[in-house]
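So the structure is just underneath, and the comments pick up after that.
The values are calculated or read from the model by the stated rules, or taken from the named source; none is laboratory data. Small disclaimer: the values here were computed from a predicted structure and weren't measured. A quick note on method: Cβ atoms are made from the backbone with ideal geometry, for glycine too, and the neighbour counts reach across all protein chains shown.
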Amino acid sequence: MTSWIDFWDRPNAIYVNQRNLDAHFECLTRDLQRFVPADGRKAVLDFGCGEALGAERLAEGCSTLYLYDAAPAVRKRLRKRLSHDRRIVILDDEGLRQLDAGTIDLILVVSVIQYMGAGELASLMRSWHRLLTPSGELIIADVIEPGTPIYLDVISQLKFAWRYGFLLPALAGIARMFFSDYRELRNKAGFAMYHADEMLSLLRSAGFDGAGLPENIGPGRHRRAYRGRKAPALSLQ
């Protein structure tokens, strides 16, 4: 295994059981719904959507919900589960490239950017800017700040597990993760972290007016989230 795409393309121990997976996406979907009005008019792209267990609920507020994940196995599972829903379109790499400029109202990027380098992120931000309508918004969440001690992630996971009833499996999962290839991959493939000023600078360079959100999206409340709106008449750097 040499990349994060390889990691997510095969079974892994990030979620300790189905209860953990269900609870994670329940929390995530609830947080994301506040950005999607119930009028059903917004075209939304969930970039790096993972298993997207809340996609059907999120799609209730969308004209079209586009789901993209870089891992082929994840896309295959999404198609199998969601192909009946005409509001939802699962994109592969080619489908993502073929989206027309200025047609997406909202782009969601949650718990994704830690798995890519700064150059790749900067390039993607310019692509997201191109896809958005003039009034469109970019939401980037679950951003980890440099120097964040790993015990904060552990405490956050254990609190979440206690709340949703999978504490013992979570404890076992943390032990398994410690002895798995996850740490080695993190060192080899990289794991990106950003200070607030770095994130805002990246957004500004891609043509966005950026701002931090009051709280993160999803279970990790110690992490950060940002909103980018297209800046009018701003030349890209």
Exercise. Give me a count of the residues in segment 24-38 that are touching a Lys or Arg at 6+ places or on another chain (Cβ under 8 Å) and modelled with pLDDT of 95 or more.
Key: 1
Exercise. Please go through segment 41-92 and pick out each residue that is basic (Lys, Arg) and over 21 Å from Gln114 (Cα atoms).
Key: Arg41, Lys42, Arg57, Lys76, Arg77, Arg79, Lys80, Arg81, Arg86, Arg87
Quiz item: Which number in (1) aliphatic (A, V, I, L, M); (2) in a helix (DSSP H, G or I); (3) without any contact (Cβ under 8 Å) to a residue 24 or more places away in the chain marks the one condition that Ala211 misses?
Solution: (2)
Quiz item: Here are some conditions: (1) under 17 Å from the mean Cα position of the chain (by Cα); (2) assigned to a loop (DSSP other than H, G, I, E, B); (3) free of Cβ contacts under 8 Å to residues at least 60 places away in the same chain. Asp39 meets all but one. Which one does it not meet?
Solution: (1)
Quiz item: Picking from Ala38, Ala59, which residue would you name as being crowded, with 20+ Cβ neighbours inside 10 Å and over 26 Å from Arg176 (Cβ atoms)?
Solution: Ala59
Exercise. Please list, ordered by first then second residue, the pairs with beta carbon atoms under 6 Å, 6 or more apart or interchain, first in segment 219-231 and farther than 17 Å from Leu152 by Cα, second assigned to a loop (DSSP other than H, G, I, E, B).
Key: Arg227/Leu213; Ala231/Gly207
Quiz item: Do any helices (runs of 4 or more DSSP H) lying entirely in segment 135-192 carry at least 2 residues that are touching a Gly at 6+ places or on another chain (Cβ under 9 Å), and which ones are they?
Solution: 150-164
Self-check item: Condition broken by Arg227, with the remaining ones in (1) surrounded by 14 or more Cβ atoms within 10 Å (Cβ to Cβ); (2) modelled with pLDDT under 90 satisfied
Solution: (2)
Quiz item: What residue, among those in segment 192-209 that are hydrophobic (A, V, I, L, M, F, W, C) and touching a Leu at 6+ places or on another chain (Cβ under 9 Å), is surrounded by the fewest Cβ atoms within 10 Å (Cβ to Cβ)?
Solution: Ala192
Exercise. Would you check which residues across segment 149-171 are surrounded by 14 or more Cβ atoms within 10 Å (Cβ to Cβ) and in contact (Cβ under 8 Å) with a residue 40 or more places away in the chain and list them?
Key: Leu152, Asp153, Ser156, Gln157, Phe160, Ala161, Tyr164, Phe166, Pro169, Ala170
Quiz item: Restricting attention to segment 199-208, which residues are part of a helix (DSSP H, G or I) and touching a residue at least 60 places away in the same chain (Cβ under 8 Å)?
Solution: Leu202, Leu203, Ser205
Quiz item: So is Ala101 buried (at least 16 other Cβ atoms within 10 Å of the Cβ) and hydrophobic (A, V, I, L, M, F, W, C) or not?
Solution: no
Quiz item: Quick one: would you say Asp6 is within 24 Å of Ser127 (Cα to Cα), crowded, with 20+ Cβ neighbours inside 10 Å and among the charged types (D, E, K, R)?
Solution: no
Quiz item: Would you pick out the residues in segment 3-36 that are more than 16 Å from the chain's Cα centre (by Cα) and free of Cβ contacts under 8 Å to residues at least 12 places away in the same chain?
Solution: Asp6, Pro11, Gln18
Quiz prompt | Subset of segment 95-134 (residues that are among the hydrophobic types (A, V, I, L, M, F, W, C), part of a helix (DSSP H, G or I) and either more than 14 Å from Ala206 (Cα to Cα) or at pLDDT below 95 (or both)) | solution = Leu96, Ile113, Ala118
